[in-house]
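Asks: Below is one structure. I have some questions about it.
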Amino acid sequence: MQNLIYILPEIFLFIVATVLLITGLFLKNIKLINSLSIFSLLVTVILIFNQPFQSAFLNSFVVDEFSLVLKVMIVVGSIASLIMFVSSKDDLNINIYEFPILIIFSTIGMMVMVSANDLLAMFIGLELQSLSLYVLAALNRNSLLSSEAGIKYFILGALSSGLLLFGISYIYGFSGNTNFNLIAVNINPESLGLIIGIVFVLAGLAFKVSAVPFHMWTPDVYQGAPTPITGFFALAPKIAAMGLLVRFLFNSFGEIYIDWQQIIFFISIASMMLAAFAAIAQTNLKRLMAYSSIGHIGYALIGVACFTDEGLRSLLIYLMIYLIMNITVFAFLLSLKRNDGYFENISDLSGMHKNHPLRTMLIALIMFSLAGIPPLAGFFGKFYIFVAAIESEMLFLAVIGVIASVISAFYYLRIVKVMYFDEPKEEFDGSSIRSLNLLYYPSSILIIIFFIYPSPVINISEYAIQSII
Amino acid sequence: MSEIPILSILIFIPVVGIFFMLLIRNNDDQSSQNLKHTALWITFLNFFISLSLLFSFDLNNPDFQFVENYAWIESGISYHLGIDGVSILFVILTTMLVPICILASYESIKFSVKEYLISFLALETFMIGVFCSLDLVLFYLFFEGGLIPMFLIIGIWGGERRVYSTFKFFLYTLAGSVFMLLAIIYIFISTGTTDVETLLVYNFTSNEQLILWIAFFTSFMVKIPMWPFHTWLPDAHVEAPTAGSVILAGVLLKMAGYGFIRFSIGFFPDASEFFAPFIFSLSVIAIIVTSLIALVQEDMKKLIAYSSVAHMGFVTLGIFTFTVQGIEGGIIQMISHGIVSAALFLCVGVVYDRLHTREIARYGGLVSKMPFYSFSFMIFILASLGLPGTSGFVGEFLVLLSIFTVNTYFAIFATTGVVLAATYSLWLYRRIIFGAIIKDDLSEMFDLTRREMIIFVPLIVLTIFIGLYPKPIINIIEPSTEKIVNQIKMKLD
């Protein structure tokens, strides 16, 4: 019984989700269910803060500083996408009350993921998260694109889960344990089977964070899924999978980091470079953001590859800034509405600074921030990543990183170009975006004034990593 | 006086101005007029505050003054500001040119006035910040941050090929600068600090120096710009609106020259000495080649842009002699070029506003219609080619003097640049101002308006004042320059 206290937030969310599922059947009031979901997620944040740091269930579920910070970030991402949902559900034709509930289920899965300290707990969390996401991707039943996205995501996701499970079985077979700490104790550095296991697990996890060469699903799913869901894909699951990756690699295979380091090294470089080049040719904003997120994951993986305090710290700083930037971008995408239709092409932004000066100025600055231009927050994210890379003598990664950031500056600048330099088109509607402004303005202003007082983010990251190394 | 954080005030007044601007509506002529006045007063205020720097500046103190130091990101990276004799003049140059730019765009900017002025104010913040910061990360922040407003200024209010030019400008300079970022991070990790004052007395090993020097050099080389990486400059100048060109030539190029003096030779004297012949060669090639290219230009702005590259060649020549004369000459050359080339772009802007073309062949015989304009243009052309009695002469003379003491061959080649400068400048002047009026529309040209007079008079006064009596300027620069040279000598021994 004692153990149950340590998973109180998860239990609470589970009960809420179940109750809401039943209520929804009779009530059919999506707005109410959505508001209740947001409220219960806020309560979850309080519960997360009040949890004692302990490991539970025979050390397979850990509550520590690292999981606390990541869980809060995940819940923030979920709340953001619920706000996006409520402001666009009528126009996107996704009046389905299961949406907030599926988000909550997926959030539970992610919370389990970042706390998992055992291969089985990890797999359970991952599957709960993934299955909810498959359904979410295909939520818009009337849209061919959405169904295609869902099916694609499901098939590839199932394959990657298979790979992951295959890897887990190898690791279990060659180390005799499923607990991360016990694996670390009983590790046999010479064992080839263990390496094969790591490779397969990493392949599965790379799929979840959409790192090259397992990124193929990302553009299609991003484009096909309804925008609030795409926003959710970009925000929470990436953070959760990254946290899981860190715990898996650092806790159980810290001793043989030389072996996995080169894998991360490769997928990091491949992600940065491929995203930088592939995004140039995109015309759809959501596809572009898909490649952009692949690139950002590449940078974040540099932090993992370093295998140092600095690296982990920079990873967390990067993820936090990434989260805030993406909230802004997706809130922005949902405000591109004209005559009850949403626009997703870059060319639709043409000349929008004439009609929406302030909104355009902010999003242009966010684009510069995504490109990593100082003094915006995105620069500091990259700065810390490069500090970590150079400190652990991975100059090559840092050089590739800066080159990729120059190339990717091109496609971010292209958006600024279209918004500012091209001939203006019709105005966008401004009516339904009031709740989006709640996300859009605070997050973009946070990004812009970040440089004045960056210490909180850095302190939080330092607080979070103390339990890992 | 030392209690007031005067440098922070200088840096952040434009930011406060931006907030004011955001509050003003921008929907009719009246309000856009208000916006322009507001921006003008804000930048004027900044200019007067920066003048107060001059009065409270201690001429005999070679160290940094008006120092502010606050904890910022973490230990080692702090918000550290301060100016010495090298940087104070650049700060004043900046605060002087920005109101002039805003005044110059009163008539020529017709749309999106608010965004335009906000971009300029933001740019001023970044430019002053570059010259004041005594922390490498802070420096980089300002150095790169300036790209954002400049990108928008060229891209939104520029000429026909503005998109191509502004992308080229942005990506060129960004690609150059990212290696400096890596170098800064390396310095931060190996020394534990990015504080400039600490690093100036730190001794890097000679291997480190070589690599780090190259990294800093790529950034500054693109920015200043040196041949063969100067090609973004003519494009950016030609497409930028007049005020954009003025700021680009007047201040943005100087950031790189300042960087050479402060960082390249200050931190890495061994490497600088090792690479000096390389720099000399590039500079001499730049002086001769770009002067020849300038000779065949048919676009006025392009001609002046290429002449800028040649003038910057003199600056790098002077800096890398490591003599007091050379560095002083480089600084004065930069200040003078900041005034003169800015004025030349303004001159082009004046006729462009009337006839909407920059093609040299479209003009001719303006002297009979625009006597005041012809007079001002003449002063700046003569200053640009380095006539004694103008500001251009002082800098070039000091640089040539110092380079003769170091290497005669480079000096001889560099001197030919002076002749070439005379050729292309005077030829440009002849084609535009003299001769008979052939084109009909030229007969309707009117002379300088009062607003334009207000712009040109201070620039003319400064050009001639510095040319005739450079002593006050040298007095400001000399102690700090001597300190830099002594420090280099000490490190080299």
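Asks: What ranking do A:72-78, B:226-232, A:302-308 get when scored by the average of other Cβ atoms within 10 Å per residue, highest first?
Replies: Top of the packing list down: A:302-308, A:72-78, B:226-232.
Asks: Per residue and in cubic angstrom, what volume does the convex hull of the Cα atoms of the protein assembly as shown have?
Replies: Per-residue hull volume (Cα only) is 160 Å³.
Asks: Still on this structure, please answer the following. Once you average over the residues of A:452-463, how many Cβ atoms of partner chains fall within 10 Å of each Cβ? Intermediate results must be reported in sequence, preceding the final value.
Replies: Numbers: counts 2, 2, 4, 4, 0, 0, 2, 1, 0, 0, 1, 0.
Mean partner-chain Cβ count within 10 Å for A:452-463: 1.
Asks: While we're on this one: What average count of beta carbons from other chains do you get within 10 Å of the Cβ of residues in B:138-148?
Replies: 4
Asks: Can you list the aspartates and glutamates whose alpha carbon is less than 18 Å from that of A:K286, not counting same-chain residues fewer than 8 positions off?
Replies: Cross-link targets: A:D91, A:E148, A:D220, A:E344, A:D348.
Asks: If you don't mind, another one. Angle, helix B:324-355 long axis vs. longest principal axis of chain B, Cα atoms, 0 to 90°, nearest 10?
Replies: Between helix and principal axis, roughly 30 degrees.
Asks: Measure nothing but the geometry: give the 0 to 90° angle between the long axis through the Cα atoms of B:29-56 and the longest principal axis through the Cα atoms of chain B, rounded to 10°.
Replies: The two axes meet at around 40 degrees.
Asks: Report the charge-dipole magnitude of the protein assembly as shown in Debye, nearest 20, computed about the Cα centre from +1 at each Lys and Arg Cβ and -1 at each Asp and Glu Cβ. Walk me through the numbers on the way to the answer.
Replies: Working: 46 positive and 61 negative charges, 375 e Å.
My answer is approximately 1800 debye.
Asks: Give the residue from B:I148, A:S405, A:V418 lying farthest towards the positive end of the charge dipole for the protein assembly as shown; charges sit on Cβ (+1 for Lys and Arg, -1 for Asp and Glu) and the dipole is referred to the Cα centre.
Replies: Result: A:V418, furthest along the dipole toward the positive end.
Asks: Something else now. Suppose every Lys and Arg Cβ carries +1 and every Asp and Glu Cβ carries -1, with no other charges. What dipole size does chain A come out with about its Cα centre, to the nearest 20 debye?
Replies: That gives chain A a dipole magnitude of about 900 debye.
Asks: Roughly how many debye, to the nearest 20, is the charge dipole of the stretch B:272-493 about its Cα centre, given +1 on each Lys and Arg Cβ, -1 on each Asp and Glu Cβ, and no other charges?
Replies: Result for the stretch B:272-493 is approximately 160 debye, rounded to the nearest 20.
Asks: When Lys and Arg each count +1 and Asp and Glu each count -1, what net charge do the other residues less than 12 Å away from A:D422, Cβ to Cβ, add up to?
Replies: +3
Asks: How many angstrom separate the Cα center of the stretch A:11-84 from the Cα center of the stretch A:177-217?
Replies: Each part's Cα centre sits 28 Å from the other's.
Asks: Loop-only GluC sites (Glu not before Pro) in the stretch A:293-391, please: DSSP not H, G, I, E or B, and at most 12 other Cβ atoms within 10 Å.
Replies: Filter output for the stretch A:293-391: empty list.
Asks: Same structure again: Could you point to the residue in B:L138, A:S435, B:T357 farthest towards the positive end of the protein assembly as shown's charge dipole, with +1 and -1 charges on the Cβ of Lys/Arg and Asp/Glu respectively?
Replies: B:T357
Asks: Also: Relative to the longest principal Cα axis of chain B, at what angle does helix B:113-132 sit, 0 to 90 degrees, rounded to 10?
Replies: 30
Asks: While we're looking at this one, here's another question. Please list the non-local residues whose amide H lies under 5 Å from the amide H of A:K337, H modeled 1.01 Å from N, same-chain partners needing a gap of 5 or more.
Replies: A:D429
Asks: Let me check against my output: what whole-number percent is the relative contact order of chain A, with C-alpha pairs under 8 Å and at least 6 apart?
Replies: This gives 16 percent for chain A.
Asks: Could you give me the percent of Cα pairs per 10 Å distance bin for the stretch A:259-469, shortest bin first, beginning at zero and ending with the bin that holds the maximum distance?
Replies: Calculated P(r), rounded to whole percents: 9, 34, 33, 17, 6, 0.
Asks: Just name one of B:V196, B:G129, B:P14: the one whose Cα is farthest towards the positive end of the charge dipole of the protein assembly as shown (beta-carbon charges, Lys/Arg +1, Asp/Glu -1).
Replies: Result: B:P14.
Asks: Per the Debye formula with a single identical scatterer at each Cα and no solvent contribution, what log10 I(q)/I(0) holds for the stretch B:378-442 at q = 0.16 Å⁻¹?
Replies: Values returned for q = 0.16 Å⁻¹ are -0.61.
Asks: Can you pull out the GluC sites (Glu not before Pro) in the stretch B:95-135 whose DSSP state is coil and whose Cβ has at most 14 other Cβ atoms within 10 Å?
Replies: For GluC sites (Glu not before Pro) across the stretch B:95-135 that sit outside H, G, I, E and B with at most 14 neighbouring Cβ atoms in 10 Å, the list reads B:E107.
Asks: Which order, highest average first, do A:136-148, A:238-250, B:238-250 follow once you tally other Cβ atoms within 10 Å for each residue and take the mean per peptide?
Replies: B:238-250, A:238-250, A:136-148
Asks: How many Cβ atoms of partner chains, on average, are near each residue of B:174-187 if near means within 10 Å of its Cβ? Please report the intermediate quantities before stating the final value.
Replies: Working: counts 9, 6, 1, 4, 11, 3, 1, 9, 8, 1, 3, 10, 6, 0.
That average works out to 5.
Here, each number is a calculation from the coordinates, and none is a lab measurement. Note that the structure is predicted; figures quoted are calculated from it, not measured. Cβ atoms come from the backbone with ideal geometry, glycine included; neighbour counts cover every protein chain shown.
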